[in-house]
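The structure under discussion appears below in the form of structure tokens.
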Amino acid sequence: MTELKLAASMSRLGTESAFVVLARAAELAAQGRDIINLGIGQPDFATPDHVVEAAVRALRDGAHGYTPANGTPDLRAAVAADLHRRHGTQVNPDHVVIVPGGKPTMFFAITMFGEAGAEIIYPDPGFPIYESLIRYSGATPVAMALREENGFGFSADEVLAQITPRTRLIIINSPANPTGGVTPKAEIDRLVAGLAAHPQVAILSDEIYSTMLYGGRSHTSLLSYPEIRDRLIVLDGWSKRYAMTGWRLGFAVWPEGLVDHATRLCVNDHSCVNAATQAAGIAALEGPQTAVEDMNAAFDARRQVIVDGLNAIPGVSCIDPGGAFYAFANISGTGLRAMEAQTLLLEHAGVATVAGTSFGAMGEGYLRLSYANSEDNIRAALQRITEVLEDRT
Ligand code: PLP
């Protein structure tokens with residue numbers, strides 16, 4: 001009998017429940033059940049052809065070896081040019097670090113600042129990996145409440161009031177998972193202004209949904225505030241924007257004082273992102289953006305279908321999500337708790353959704369529905385949800 005003794009930190013590591021829902025949905029589908037998946041957060045589109053071709057070409061041309069740990073110079077230059085086009089800001093390509101997806105930047109930033117005695121402020125409801133990694137690092141997680149009445153954006157005054165001398169890092173995410181909420185520029189202005197009084201606090205801005213905004217909204221990148229550039233980490237990547245979740249490609253812009261630490265973490269962790277994927281990343285940024293525009297137009301149309309449909313269900317309401325591809329439905333009028341609703345809908349309606357509580361305690365009374373699925377499937381799912389909820393009454 002082995003008696004393995006794991007590090008205590010392992011018992012503090014959480015997970016992402018969307019993957020648990022996905023596994024159960026797959027299990028039910030394997031039993032022959034017809035499951036509509038509104039649980040998973042990935043585009044239901046293929047990666048654009050020219051991007052796939054660039055990777056194939058790179059492999060044929062011999063891109064088989066290691067690249068620099070922080071990414072190829074060409075890809076980092078392409079990222080800097082893309083950020084300039086999108087946000088009008090100058091980014092030094094030497095401050096760009098290419099990583100396998102969006103998550104590694106979270107891991108790096110949180111473990112760089114997190115340790116016992118430190119506090120890290122994170123969004124609740126929010127992407128569950130933030131809290132998981134904060135706990136893993138030994139730091140104390142401090143929840144930034146995101147409320148429906150604020151369109152699920154943060155209140156700068158509330159966040160600033162949560163800062164203590166132990167605060168090391170604030171994590172923000174707009175457009176947001178799981179709510180689709182977009183924090184208004186005025187609130188970001190107030191947060192940045194207030195941070196002048198707290199020079200020890202770093203900011204991790206997760207902008208992975210920054211190209212997915214609807215209804216005339218535009219993205220405010222934290223990169224457009226020069227006064228915080230020396231303590232700002234911006235996380236972004238290809239997964240959502242180019243339907244490339246399985247390729248594992250992301251980047252971050254790091255401040256001068258942290259970029260070498262981030263690169264050293266790459267060397268210790270994964271050496272580099274695979275070379276052909278990096279070539280695909282350049283093709284994505286520099287090639288035609290029509291596939292991205294088409295995807296976003298489809299998401300926008302589905303957004304309207306799902307929001308209208310949810311608001312027509314007795315006991316359910318849903319505010320207009322400004323970005324990403326999630327609707328965060330308030331189900332408190334049904335009398336169901338979030339996890340009960342998730343189970344009921346999956347087991348009895350064959351619709352996979354994710355309980356709001358999977359994203360933090362503030363998610364009680366809510367369900368996340370991803371509209372990265374066809375309009376027909378969304379309409380069918382809404383019909384099934386309506387019927388199952390009616391049957392209960
Ligand atoms: N940040 C947010 C807010 C996300 O929702 C996700 C994925 O769902 C990620 C980061 C991670 O993206 P990736 O799959 O590229 O690691």
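The values are calculated or read from the model by the stated rules, or taken from the named source; none is laboratory data. This is a predicted model, so every value here is computed, not measured. For neighbour counting, all protein chains shown are included, and Cβ atoms are generated from backbone atoms with ideal geometry for every residue, glycine included. Just so you know, the surface numbers come from the protein's heavy atoms only, side chains and all, with ligands and any DNA or RNA stripped out. Shrake-Rupley method; radii C 1.70, N 1.55, O 1.52, S 1.80 Å.
Protection proxy ranking, highest mean first, for peptides 223-233, 261-271, 35-45: 35-45, 223-233, 261-271, where packing is the per-residue count of other beta-carbon atoms within 10 Å, averaged.
Model label points for D300 and T111, set 7 angstrom from Cα along the Cα-to-Cβ axis, are 4.0 nm apart.
The angle between the Cα long axis of helix 290-311 and the main principal axis of the chain comes to about 40°, on a 0 to 90 degree scale. Restricting the calculation to alpha carbons of the chain gives Rg and Dmax of 20.9, 63 angstrom. Segment V56..A77, full-extension length gain: 5.4 nm, with 0.36 nm per residue of separation and the alpha-carbon distance subtracted.
Placing a label point 7 Å from the Cα of D94 along the Cα-to-Cβ direction, the residues of the range 256-275 with a backbone N closer than 17 Å are 256-264. How far is helix 275-286 tilted, in degrees, relative to the longest principal axis of the Cα atoms in the chain, given as a value from 0 to 90 rounded to the nearest 10? So the inclination is approximately 80 degrees. Put a plus charge on the Cβ of each Lys and Arg, a minus charge on the Cβ of each Asp and Glu, and nothing anywhere else: the dipole of the range 50-286 about its Cα centre is then about 360 debye. In this simple spin-label approximation, E27 and N311 carry label points 7 Å from Cα along the Cα→Cβ vector, and these lie 3.7 nm apart. In the range 50-286, Cα pairs under 8 Å separated by at least six residues give a relative contact order of 30 percent.
Inter-part distance, the range 236-302 to the range 171-190, computed on C-alpha centroids, equals 21 Å.
Of all beta bridges that DSSP places with both ends in the chain, some 45 percent have antiparallel geometry.
Take the range 50-286 with all the other protein chains still there, run a 1.4 Å probe, and you get 37 Å² of accessible area per residue. How large is the helix-only mean residue ellipticity at 222 nm for the chain, computed as the sum of -39500 (n - 2.57) over DSSP H runs with n ≥ 4, divided by its residue count, in deg cm²/dmol to the nearest 500? So the helix-based figure for the chain works out to -12500 deg cm²/dmol. Ranking M244, Y130, N173 by how far each Cα lies toward the positive end of the dipole of the chain (charges on Cβ) leaves Y130 at the top. The modelled label-to-label distance between E149 and Q200, using points 7 Å beyond Cα along the C-beta direction, is 3.4 nm. The alpha carbon centroids of the range 52-79 and the range 3-28 are separated by 33 Å. Derived value for the range 285-386: Kirkwood hydrodynamic radius 14.1 Å. Basis is the mean of 1/r over every pair of different alpha-carbon atoms. Cα-Cα pairs above 22 Å in the range 1-146: how many percent? So the portion of pairs separated by more than 22 Å is 64 percent.
In degrees from 0 to 90, rounded to the nearest 10, what is the angle of the helix 185-195 Cα long axis to the longest principal axis of the chain? Helix 185-195 and the main axis of the chain meet at about 50 degrees. In terms of the mean number of neighbouring beta-carbon atoms within 10 Å, the peptides 312-318, 119-125 order highest first as 119-125, 312-318. Only protein atoms count toward the accessible area here, which uses a 1.4 Å probe; on the range 50-286, the carbon and sulfur part of that area reaches 51 percent.
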